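Structure, as structure tokens:
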Amino acid sequence: MSPVTLESEAQLYTAFQHPGVKFIHLLTGRAVYRYGGKTVSLEPGATLLFDGQALHGIEQILERPVSYLSVVSSVRG
């Protein structure tokens, strides 16, 4: 698994949405992450676990470079 790294030209997007549960673990940088109606400030070592159906994504980068692990888990029937 490779981390997601946001380069300086990366466009921020907070409308990701998909089935399953999403796990985010911040490796470097600082950012504000939105999921549903909530925002959370993330620093290295911070972890989120939430329903992927909620609109989500990085809303603001506070310190670059930002890299994180992103895992989506869903049950197939």
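Computed from the coordinates by the stated procedures, all read-outs in this text should not be read as laboratory data. Predicted, not measured: the structure shown is a model, and the values here were computed from it. Glycine gets a Cβ as well: all are built from the backbone with ideal geometry, and neighbour counts include every protein chain shown.
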- request: Find the Rg to Rh ratio for the stretch 38-77, where Rh is the Kirkwood radius over alpha-carbon pairs and Rg uses the same atoms.
  value: 0.99
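Only loop residues by DSSP count here, and only those with at most 10 other Cβ atoms within 10 Å; note down the trypsin sites (Lys or Arg not before Pro) in the chain that meet that.
On the way: sites: 22, 30, 34, 38, 76; in loops: 76.
Hits after loop and neighbour filter: 76.
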query: For the chain, modelled as a Gaussian network with Cα springs under 10 Å, which listed residue fluctuates most, 45, 37, 20?
result: 37
- prompt: Tally Lys/Arg at +1 and Asp/Glu at -1 over every other residue whose Cβ is under 13 Å from the Cβ of residue 62; what's the total?
  reply: -1
- request: For a label point 7 Å from the Cα of residue 13 along Cα→C-beta, name the residues of the stretch 23-55 whose backbone N is under 18 Å from it.
  value: 23-24, 32-36, 52-55
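Given +1 on the Cβ of Lys and Arg, -1 on the Cβ of Asp and Glu, and no further charges, what dipole in debye does the chain carry about its Cα centre, rounded to the nearest 20?
Working: 6 positive and 6 negative charges, 47 e Å.
Dipole about the Cα centre, nearest 20: 220 debye.
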- request: May I ask you to list the GluC sites (Glu not before Pro) in the chain that are in a DSSP loop and have at most 15 other Cβ atoms within 10 Å of their Cβ?
  value: 7, 9
